[in-house]
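The values are calculated or read from the model by the stated rules, or taken from the named source; none is laboratory data. Keep in mind it's a predicted model, so treat the numbers as computed, not measured. Reconstructed Cβ throughout: ideal geometry from the backbone, glycine too, with neighbour counts over all protein chains shown. Side chains are part of the model used for accessible areas, which takes the heavy atoms of the whole protein and leaves out ligands, DNA and RNA. Shrake-Rupley method; radii C 1.70, N 1.55, O 1.52, S 1.80 Å.
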Amino acid sequence: MSKIIFIAHDGSRREVPGTDGESLMEAAIGNRVPGIDADCGGSCACATCHVTILEPWQSKLTPMGKDERAMLEAVSDPDPTSRLACQIRFSAALDGIEVRTPASQH
Ligand code: FES
C-alpha cells in the first residue's frame with residue numbers, strides 16, 4: 001500500500017494511504033489528519049493546508065505555480081520547504097513522502 005506520512009509539530013506521526021491522482025490535502029481530510037483544515041476545498045485560496053516537505057521528497061515535487069507561491073507568502077510561519085498540500089498530487093514516485101504540519105494549524 002502506498003503511504004503518506006504527516007508529522008505534527010509535536011513529532012507525532014500519522015500514516016495514511018496514498019492514492020494516485022489524489023492531493024495530499026484530500027488524503028489528510030479523508031483520514032482526519034489534524035492540522036489540515038482545507039477551508040477552501042483545494043482551490044488554492046486559503047493556505048490552511050500549509051505543510052513543509054522533508055527531503056528527499058521536496059526535490060521530487062513539481063514546481064509550485066504562481067498562485068501557490070502567492071498564497072504561501074501570507075502564511076504565519078513560512079519555511080523554504082513550504083507547500084500547499086492541495087497542490088501536490090500523489091503518485092507512486094511519492095510513496096512514503098513525509099510532510100510536517102505547522103504548529104499554527106493545530
Ligand atoms: Fe485551501 Fe489548499 S485547501 S489552499
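Overview of results
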{"item": "Selection count where residues are assigned to a strand (DSSP E or B) and either open to solvent by 70 Å² or more (accessible area, probe 1.4 Å) or more than 15 Å from ILE53 (Cβ to Cβ) (or both), scope region 16-25", "result": "2"}
{"item": "Among the candidates GLY18, GLY42, GLY11, residue that is small (Gly, Ala, Ser) and out of contact with any strand residue (DSSP E or B) (no Cβ under 7 Å at 6 or more places or on another chain)", "result": "GLY11"}
{"item": "Some residue of region 7-15 being within 12 Å of the ligand (Cβ to nearest atom), open to solvent by less than 50 Å² (accessible area, probe 1.4 Å) and of a type in the set (Gly, Ala, Ser)", "result": "no"}
{"item": "Exclusive hit being of a type in the set (A, V, I, L, M, F, W, C) and in contact (Cβ under 8 Å) with a residue 60 or more places away in the chain, set ILE36, ILE29, ILE53", "result": "ILE36"}
{"item": "Any hit, region 28-48, residues being surrounded by fewer than 15 Cβ atoms within 10 Å (Cβ to Cβ) and hydroxyl-bearing (Ser, Thr, Tyr)", "result": "yes"}
{"item": "Residue ID - farthest from the ligand (Cβ to nearest atom), chosen from residues in region 55-71 that are in a loop (DSSP other than H, G, I, E, B) and surrounded by 14 or more Cβ atoms within 10 Å (Cβ to Cβ)", "result": "TRP57"}
{"item": "Test result for GLN58, under 12 Å from the mean Cα position of the chain (by Cα) and modelled with pLDDT under 95", "result": "yes"}
{"item": "Checklist (1) touching a Ser or Thr at 6+ places or on another chain (Cβ under 8 Å); (2) within 8 Å of the ligand (Cβ to nearest atom) applied to GLY35, failing item", "result": "(2)"}
{"item": "Test: residue in region 26-42 that is under 23 Å from MET71 (Cα atoms), modelled with pLDDT of 95 or more, part of a strand (DSSP E or B) and not aliphatic (A, V, I, L, M)", "result": "no"}
{"item": "Hits in region 72-106 - residues which are within 12 Å of the ligand (Cβ to nearest atom), modelled with pLDDT under 95 and either among the basic types (Lys, Arg) or exposed (fewer than 12 other Cβ atoms within 10 Å of the Cβ) (or both)", "result": "ALA74"}
